[in-house]
Structures are given as C-alpha cells and as structure tokens.
C-alpha cells in the first residue's frame, strides 16, 4: 500500500515509518526538515518530502504522490497543551490540509488523537464515552475529529481516529518523565525530583504504539475512535521504580517535589474494546 506519513521524523512517526517498511508498504514520509530525517536508518528507503502541511498548497494529494492511505501524526507546539494556537492555528490548518487530501482522492485517514479528549473523567476510558476536552490541545483534536466526521457525509472515506495514551521510548521529548529519569541516571545523580507519583496512567512503549497503528491500517472496518493503550493502569511511581530496576540503578525519589498536573485526572486509563487480540 502507498502510505503517506506526516510528522514522520517525530517521536511516534519515526517508529511508524520503520514498522510500515517492515510490513512492505511504500512510504512517503513528510516533515519540515530533511536534515533531521536523514538521521534515521529508514531515510534512503522512503520518498521523503520536506513539506509544511500548514502552508496553503494547490493540491497536496498530487504533490504528495497520490497516497492510498494517510497516517497523520504531525501537530506543532507540543507538549504545550494550554496555548490557544491549538484551535486558532493548528485546527483550521489541519482540517484544510486533510480535506484537500480527501477531495483529491485519499480514501483512508488514520489520525492521531489524544486521550486528553476524555477530559477530567476518571477510571477506564471507553471509546464510546462522550468526550469532554478541558484544554485547548484536546479541544482542537476533538473538534478536528468532529469536522472530519461531518466531511464524511459529503466525501465518503475511512476515518480511524486513534486516541494515543502515554508512551515512552527512543525519541521521546527530553522533558518527559522517563527521559528526565534517564538523564539523572546517566549523570549519576543521587536523587530524582518528581510528583507524588500516585496518579494512575496508561503507558505503552512507542514501538508497540507504532505496531498497533500500522496494524490498524490493515483493518479499515474499525472505523471511528480507537484507543491505543495497554488497558492496564499503573502508578507513575511504579513506572519510575520499574524503569530504575531495568536500568540497574537505585536513586532516591524526591516525591512531591512537583505538583500534580491540573489538566489531567488523578486516575484514568484506556479500555481496549476495539483493539482486539486478532490485531496483535
């Protein structure tokens, strides 16, 4: 299959491209900076196009080599979840780009959503639950989903809205929890500052997330919102402790140094109703 990947050199995108190639797909990888993309082992095996999807273009479907399917991961400005630019700039630009692809002939969109669309609800988040976004980033993502669902009434296409939960692995943001922990380990620091660590979250290695996204692409009957998650809650403190064991290190945890984030409930995780065992 001819697959277009936006955000190809990002945290998730770099692993998605590798998984697509492993499964024999023909990949057009899109990113803003070719120099960054050249650092990946897959660069010479894809058609890379340096392209700003938020700049108005005449016909992105033709310019991006008429893809059969699109995995849309690009979204500037993260991890700043509270800025208004998410719905003032990213939302209309994303919709304009995706609408042009559909009108050009793209029949299958797989879009990266976010677990934050569920808002401050607690417990296991099921895909059919109402969304209650409580920050600009989540509101923009949830609104984009609704826009695209309305577009389906005029231009039928497959829409797979993948709600990503928490991830860790190669390429993660250096300010993310486990990246900061690795930095402390590598610098042989004696203590690590963190929150109280009692919040429950849903984590997956980014390689597993990439594999599930690519598998999802092969199941177009799974239309609509799909949680990409483990389905198993784990406390942030336990996650940190497990990582320390895996690295063979013992660092004093300075619990309670940081307050708990106000944009997340204390306990929420994904429910994997749509993502069944046949996809593993």
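The values are calculated or read from the model by the stated rules, or taken from the named source; none is laboratory data. A quick note: this is a predicted structure, and the numbers were derived from the prediction, not measured. As a convention, Cβ positions derive from the backbone with ideal geometry for all residues, glycine included, and neighbour counts pool all protein chains shown.
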**Request:** Residue by residue through segment 225-242, note down the ones that are part of a helix (DSSP H, G or I), under 15 Å from residue 204 (Cβ atoms) and in contact (Cβ under 8 Å) with a residue 60 or more places away in the chain.
**Result:** 239
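Among the residues of segment 24-63, which ones are assigned to a helix (DSSP H, G or I) and either touching a strand residue (DSSP E or B) at 6+ places or on another chain (Cβ under 9 Å) or under 27 Å from residue 86 (Cβ atoms) (or both)? So that I can check it myself, show each step before the final result.
Keep residues of segment 24-63 that are assigned to a helix (DSSP H, G or I), which gives 34-37, 43-45, 60-63.
Within segment 24-63, 34, 35, 36, 37, 43, 45, 60, 61, 63 qualify.
Give the residues of segment 12-24 that are over 18 Å from the mean Cα position of the chain (by Cα) and either buried (at least 20 other Cβ atoms within 10 Å of the Cβ) or without any contact (Cβ under 8 Å) to a residue 12 or more places away in the chain (or both), sorted by residue number. Steps first, answer last, please.
From segment 12-24, those over 18 Å from the mean Cα position of the chain (by Cα) are 21-24; that's our starting set.
Of everything in segment 12-24, those that are over 18 Å from the mean Cα position of the chain (by Cα) and either buried (at least 20 other Cβ atoms within 10 Å of the Cβ) or without any contact (Cβ under 8 Å) to a residue 12 or more places away in the chain (or both) turn out to be 22, 24.
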**Asked** Yes or no: residue 151 buried (at least 18 other Cβ atoms within 10 Å of the Cβ), at pLDDT 95 or above and more than 21 Å from residue 100 (Cβ to Cβ)?
**Response** no
**Complete:** When residue 264 is run through (1) surrounded by 17 or more Cβ atoms within 10 Å (Cβ to Cβ); (2) in contact with a strand residue (DSSP E or B) (Cβ under 7 Å, 6 or more places away or on another chain); (3) touching a residue at least 60 places away in the same chain (Cβ under 8 Å); (4) assigned to a loop (DSSP other than H, G, I, E, B), the failure sits at (2)
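For segment 243-260, how many residues meet the condition of being in a loop (DSSP other than H, G, I, E, B) and surrounded by 14 or more Cβ atoms within 10 Å (Cβ to Cβ)?
We begin by selecting, within segment 243-260, every residue in a loop (DSSP other than H, G, I, E, B); these are 248-251, 255-260.
Next, only the ones that are surrounded by 14 or more Cβ atoms within 10 Å (Cβ to Cβ) stay: 249, 251, 255, 260.
Looking only at that region, the number is 4.
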**Asked** If you go through segment 181-201 one residue at a time, do you hit one that is surrounded by fewer than 17 Cβ atoms within 10 Å (Cβ to Cβ), in the same structural domain as residue 136 (by TED's automatic domain parsing) and in a helix (DSSP H, G or I)?
**Response** no
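When residues of segment 1-23 are filtered for being more than 20 Å from residue 78 (Cβ to Cβ), touching a strand residue (DSSP E or B) at 6+ places or on another chain (Cβ under 9 Å) and assigned to a helix (DSSP H, G or I), how many remain?
Pass one, segment 1-23, residues more than 20 Å from residue 78 (Cβ to Cβ): 1-4, 18-23.
Checking the rest, the ones that are also touching a strand residue (DSSP E or B) at 6+ places or on another chain (Cβ under 9 Å) come to 1-4, 20-21.
Then keep just the ones that are assigned to a helix (DSSP H, G or I); that gives 20-21.
The total comes to 2.
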